[in-house]
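Computed from the coordinates by the stated procedures, all read-outs in this text should not be read as laboratory data. This structure is a prediction, so every number in the text was calculated from the model and none was measured. Every residue, glycine among them, receives a Cβ derived from its backbone with ideal geometry; neighbour counts consider all protein chains shown.
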Amino acid sequence: DDEPELVVIQVYITSAYRAYRIAEHYRRKGAYVVLGGLHVTSLPEEAAQHADTVCLGPGEDIWPAFLADYRSGHPAPVYRSSVRTLAQLPPIRRDLIKRNLYLVPNSIVVSRGCPHACDFCYKEAFFRGGKGFYTQTVDAALAEIERLPGRHLYFLDDHLFGNVPFATALFEGMRGMNRVWQAAGTVASVLRPELLEKAKECGLRSLFVGFETLSADNLREQHKAQNLSRDYGAAIRRLHELGIMVNGSFVFGMDGDEPAVFERTVEWAIQQGIETATFHIPTPYPGTALHDRMRKAGRLLHSNWDLYDTRHVVYRPARLRADQLEAGYWWAYRAFYRWSSIWRGAVGKPSLVEAARHVAYAGGWKKLEPFWDLVIRARHISRLRPILEAVLTGFGRHAARGDAFATGEAVRCTQCSVTRQAPPLAPAPPAVTRSTPAGAPVKATLQRV
């Protein structure tokens, strides 16, 4: 029933149809609608049918330009990012976040993009026309961290370790802040001498790692060169020795995969003692090299964006049937998180205490999903935050004595490490009111869909 003047929606592929319905609803009521985000950048012609303006690429340079044009009464139909910098990024309006509704309200991003270019990743499409990886200044990142209450942080950067000088200075600056945090990195960054130690010393307790596949041929096919000739086992041991939990990401259905891939991958992950794992089906997002390759080969089954969620098969697999691939995906989750598998993963821990922690974390995360759902629906999830912080703090202390266990929240990524199971993100901000230079208020509804 609201009557905003301006509606802005960030669109992801699996919410595209809902975003378009919301956009059309407000356009019928006379609002000016702006769409942006990954899906809009990949398919601007499609999105433009449901918006007055589309924003393509990162918004740091184009959003201020749009606002200036809108206030002057002459907004353009398309704004395309070309200037890539976070130098003038204003402080985030965290006062708009209802912290009591989230276990992890302190999500933070201090970089954009990734230094790599995997075929399945949106990155090349989204950052086309400019730099594909850049960071804030270290001082700006540290200042943003200082503003966050509590101890726990979640870095949602695609690759926090991607710029080594930046990451090194950031981790050194975070020492003494008394934080515990989680993030994503690559196998190569884990194996790099000294950097991981610096991260651990300033509070890293859980790392999402995109292993993706145990096949070198599959890695080459997807141009994930950063994983080639890397010792996955050594990376896992290194993380565990420092008291850092491993959240491993795996993809089923690449062209080299056959029916045995599911059991082989799950068995390997269990034997390695990985605490949590996420599994995915390749999803050829529009604008990616994978989509282009599938389209040219006539292998795309449809363009129902609701099903482009890494859980459904939307292309013709090379060596698997579509139903076989989906069944294997769901089997992998059941097999990895069954109690017998959790116990087997715990057996290799160096002490009974560490084994018990493995069982408690892996079991608690998956086996207690109904409990988490109940707590979230009751809006009491924030009451569990001190427990999360205490648990993460304990892992670091045990690692200092030589133990090899850590934990953290299992998390979502865009598909640069495919898709992560993410902690709850900040809610869409409510309607806000800004003043134009002429003093006329502009009421805007912001939607993240």
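Tabulated data
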quantity: Extension reserve of the A360-R311 stretch, reckoned as 0.36 nm per residue once the Cα distance is removed; calculated: 15.0 nm
quantity: Stokes-Einstein translational diffusion, the stretch 79-125 - Kirkwood Rh over all Cα pairs, 1.002 mPa s, 20 °C, in µm²/s; calculated: 151
quantity: Cα-only radius of gyration and Dmax that characterise the stretch 293-339, units Å; calculated: 12.7, 44
quantity: Cα-based radius of gyration of the stretch 1-86 once divided by 2.2 N^0.38 Å, which approximates compact folds; calculated: 1.04
quantity: Gyration tensor over alpha-carbon atoms, the stretch 155-262, equivalent ellipsoid semi-axes in Å; calculated: 28, 13, 11
quantity: Packing-based exposure ordering (other Cβ within 10 Å, fewest first) of M294, M177, M245; calculated: M177, M294, M245
quantity: Net charge contributed by nearby residues that have their C-beta within less than 13 Å of A125 (K/R +1, D/E -1); calculated: 0
quantity: Relative packing of 252-261, 31-40, which averages over residues the other C-beta atoms within 10 Å, highest first; calculated: 31-40, 252-261
quantity: Mean separation of Cα contacts under 8 Å, 6 or more apart, over the residue count of the chain: relative contact order %; calculated: 20
quantity: Rg(Cα)/(2.2 N^0.38 Å) for the chain, N = residue count; calculated: 0.99
quantity: Karplus 3J(HN,Hα) series, Hz, for the stretch 268-274 with 6.51 cos²θ - 1.76 cosθ + 1.60 (x for Gly, Pro); calculated: 4, 4, 5, 4, 6, x, 4
quantity: Modelled FRET efficiency - R0 56 Å, V83 with D255, Cβ distances, 0.05 increments; calculated: 0.90
quantity: Debye equation applied to the C-alpha atoms of the stretch 41-188, log10 I(q)/I(0) at 0.09, 0.19, 0.20 Å⁻¹; calculated: -0.35, -1.26, -1.31
quantity: Per-residue Cβ neighbour rank within 10 angstrom, fewest leading, R147, R238; calculated: R147, R238
quantity: Pairs of alpha carbons in the stretch 56-137 whose separation is greater than 23 Å (percent); calculated: 39
quantity: Highest to lowest packing among 351-357, 195-201, scored as the average C-beta count within 10 Å; calculated: 195-201, 351-357
quantity: Kirkwood Rh (inverse of mean 1/r, distinct Cα pairs), the stretch 258-326, angstrom; calculated: 13.5
